[in-house]
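A.B. asks: Before we start, here is the structure in question, set down as structure tokens.
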Amino acid sequence: MRSMPQTALLSLLTVAVLQTAAAQTPTRPMQEILDASQPADWRALDPKNTLYVELPRGRVVIELAPQFAPAHVANIRTLATNQYWNGLSINRSQDNYVVQWGDANAEDAAQRKPYGRGVKTKLPAEFARKSQGLAMTVLPDADGWAAEAGFVAGFPAARDSATGSSWLAHCYGTVGAGRDMAADSSNGTELYVVTGQSPRHLDRNITTVGRVVKGIELLSSLPRGTGNLGFYETPAERTPIRAIRLAADVPKAERANLEVLRTDTPLFAELVESRRNRRDEWYKQPAGHINICNVPLPVRQQTAQAAAQPSRAKAKGKKK
């Protein structure tokens, strides 16, 4: 049996010592960390990449991820501008899996709703993309589905250095575009949201387009469908969609004005560590490990200070 090179052994020992030290270092509770956050630790949602799903019981807010699925996100934006989903319905709620919406008559050429102007009926499969150009905050723990896992601009993601590819992870709240058997058979008209235990086996098998940042409870609490794969069997069971709109198309007074915690800061790194090794009084044994889908991604109403920054920037520009 060959002995391990001394440099490799030293490296492993160093990592082990650092991990042990991190586990023994007291960490602040998550709420205390968030209370100490500064405006620079947060980012406002881009209205051009934010969808509002208006349901009878409230609004679901979705952040789109054009950096991972540019063709699908462009089509989704056009569909929203065309008011395609207005008056359609949520047609599926499968227990511990997904909620899905779209046109219940999509398979009937005579009854299905027209997509509207500018919508592409054929899109490429966007299961993954090249890692080049993506800055990832990598988690310190092993991931069972990828060589590395972490966060890219607030989205749970994974990557494989051997193939040079990255993709969005199927965590709770992830939004994807339904497809048929062919990899390139999705066009963004049928969307689903993960409402159960993270189905990471779907990673790199379907195009993911974003994540729910607020209102997931309006989807996860829907009655389960009794048909195959959780589809509703009668129109009366479906939840009507009042509207799906781009935030950019909504008057400013009606926007949610949310901001989410950045995932590329020392504060976020501290938050991750506080969840890896819980030191709350109730916990007797810190886990020393965290799954990417268990890392919380806080969201809050935009502060007055943050909302005023664009106005100040415009004022400075006018003086020039």
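The values are calculated or read from the model by the stated rules, or taken from the named source; none is laboratory data. Since the model is a prediction, treat every value here as computed from it, not as a measurement. For neighbour counting, all protein chains shown are included, and Cβ atoms are generated from backbone atoms with ideal geometry for every residue, glycine included. These area figures cover heavy atoms from the full protein model, side chains too; ligands, DNA and RNA do not enter into them. Shrake-Rupley method; radii C 1.70, N 1.55, O 1.52, S 1.80 Å.
A.B. asks: Could you give me the percent of Cα pairs per 5 Å distance bin for the range 57-182, shortest bin first, beginning at zero and ending with the bin that holds the maximum distance?
C.D. replies: 2, 8, 16, 20, 19, 15, 10, 7, 3, 1, 0
A.B. asks: Quick one: pull the percentage of alpha-carbon pairs in the range 210-270 with a separation above 16 Å.
C.D. replies: 67
A.B. asks: Mind checking the range 92-166 for trypsin sites (Lys or Arg not before Pro) that DSSP puts in a loop (not H, G, I, E or B) and that have at most 16 other Cβ atoms within 10 Å? Walk me through the numbers before you get to the answer.
C.D. replies: Details: sites: 92, 112, 117, 120, 122, 129, 130, 159; in loops: 112, 117, 120, 122.
Sparse-neighbourhood loop trypsin sites (Lys or Arg not before Pro): 112, 117, 120, 122.
A.B. asks: Let me ask something else. Give me the distance in nm between label points sitting 7 Å out from Cα along the Cα-to-Cβ direction at residue 57 and residue 38, one decimal.
C.D. replies: Between residue 57 and residue 38, the simple spin-label model gives 4.1 nm.
A.B. asks: Moving to a separate point now. Which GluC sites (Glu not before Pro) in the range 99-157 pass both tests, a DSSP loop state and at most 13 other beta-carbon atoms within 10 Å? Please list the in-between numbers first.
C.D. replies: Working: sites: 107, 126, 148; in loops: 107, 126.
The qualifying sites are 107.
A.B. asks: On to the next question. Charges on Cβ only, +1 for Lys and Arg, -1 for Asp and Glu, centred on the Cα centroid of the chain; of 155, 52, 96, which one is farthest towards the dipole's positive end?
C.D. replies: 52
A.B. asks: Counting other Cβ atoms within 10 Å, keep those with at most 16, restrict to DSSP loop, and tell me which GluC sites (Glu not before Pro) in the range 168-239 are left. Please report the intermediate quantities before stating the final value.
C.D. replies: Details: sites: 190, 217, 233, 237; in loops: 190, 233.
The qualifying sites are 233.
A.B. asks: OK, next. Across the range 96-101, in residue order, what do the Karplus-derived ³J(HN,Hα) couplings come to in whole Hz, using 6.51 cos²θ - 1.76 cosθ + 1.60 with θ = phi - 60° and x for Gly and Pro?
C.D. replies: Couplings: 6, 8, 9, 10, 9, 9 Hz.
A.B. asks: With a 1.4 Å probe and every protein chain left in place, work out the accessible area per residue of the range 42-85 in Å², rounded to a whole number. Don't skip to the end; give the middle numbers.
C.D. replies: On the way: 1440 Å² over 44 residues.
Per residue, the range 42-85 has 33 Å² of solvent-accessible surface.
A.B. asks: Report the calculated FRET efficiency for residue 252 and residue 300 (r = Cβ-Cβ distance, R0 = 25 Å), to the nearest 0.05.
C.D. replies: Efficiency for this residue pair is about 0.85.
A.B. asks: What number, rounded to the nearest 500 deg cm²/dmol, is the helix-based mean residue ellipticity at 222 nm of the chain, given -39500 (n - 2.57) per DSSP H run of at least four residues and division by all its residues?
C.D. replies: -6500 deg cm²/dmol
A.B. asks: So if I take the alpha carbon set of the chain, get Rg, then get Rh from the Kirkwood formula, what is the Rg over Rh ratio?
C.D. replies: 1.01
A.B. asks: Report, in whole Å, the centroid distance computed from the Cα atoms of the range 134-182 and the range 48-111.
C.D. replies: First find each Cα centre; the distance between them is then 22 Å.
A.B. asks: Evaluate the charge dipole of the range 63-209 about its Cα centre and quote only its size in Debye, nearest 20, assuming +1 on the Cβ of each Lys and Arg and -1 on the Cβ of each Asp and Glu.
C.D. replies: 500
A.B. asks: Let me ask something else. Using all alpha carbons of the range 35-77, what is the percent of pairwise distances in each 10 Å bin, ordered from the shortest bin to the longest?
C.D. replies: 23, 37, 30, 10
A.B. asks: Using the heavy atoms of the protein chains and a 1.4 angstrom probe, tell me the accessible area per residue for the range 221-282 in square angstrom.
C.D. replies: About 56 Å² of surface per residue is accessible.
A.B. asks: Can you check what the net charge comes to around residue 167, using other residues whose Cβ is under 14 Å from the Cβ of residue 167 (Lys, Arg +1; Asp, Glu -1)?
C.D. replies: Net of charged neighbours comes to +1.
A.B. asks: Just need the Rg to Rh number for the range 147-295, please, alpha carbons only, Kirkwood Rh. If you can, show how the numbers build up before the last one.
C.D. replies: Values: Rg = 18.3 Å, Rh = 18.3 Å.
Taking Rg over the Kirkwood Rh, I get 1.00.
A.B. asks: Label point 7 Å out from residue 228 along Cα-to-Cβ: which residues of the range 178-200 have amide N under 14 Å?
C.D. replies: Within reach of a label on residue 228, which here means backbone N under 14 Å from a point 7 Å along Cα→Cβ, the range 178-200 contributes 181.
A.B. asks: Using a probe radius of 1.4 Å on heavy atoms only, what accessible surface per residue do you get for the range 121-184? Whole Å² is fine.
C.D. replies: So the range 121-184 comes to 47 Å² accessible per residue, rounded to a whole number.
A.B. asks: Same structure, new question: Specify which residue in the list 229, 80, 271 is farthest towards the positive end of the charge dipole of the chain, using unit charges on the beta carbon of Lys, Arg (+1) and Asp, Glu (-1), about the Cα centre.
C.D. replies: 80
A.B. asks: P(r) for the range 108-188: what percent of alpha-carbon pairs falls in each 10 Å bin, starting at zero?
C.D. replies: Whole-percent P(r) values from 0 Å outward: 15, 38, 28, 13, 6, 0.
A.B. asks: Quick one: net charge around residue 120, please, counting Lys, Arg +1 and Asp, Glu -1 for every other residue with C-beta under 15 Å from its C-beta.
C.D. replies: That sum, taken over residues with Cβ under 15 Å, equals +1.
A.B. asks: Still on this structure, please answer the following. Expressed as a whole percentage, what fraction of the accessible surface of the range 134-283 belongs to carbon and sulfur atoms when a 1.4 Å probe is rolled over the protein heavy atoms?
C.D. replies: Of the solvent-accessible surface of the range 134-283, carbon and sulfur hold 52 percent.
A.B. asks: Size of the dipole of the chain about the Cα centre, Lys and Arg at +1 and Asp and Glu at -1 on the beta carbon, nothing else charged, in debye to 20?
C.D. replies: It works out to roughly 1260 debye.
A.B. asks: What longest region of the chain stays clear of chymotrypsin sites (Phe, Trp or Tyr not before Pro) that DSSP places outside H, G, I, E and B and that have at most 13 other Cβ atoms within 10 Å?
C.D. replies: Longest stretch, sites excluded: 1-281.
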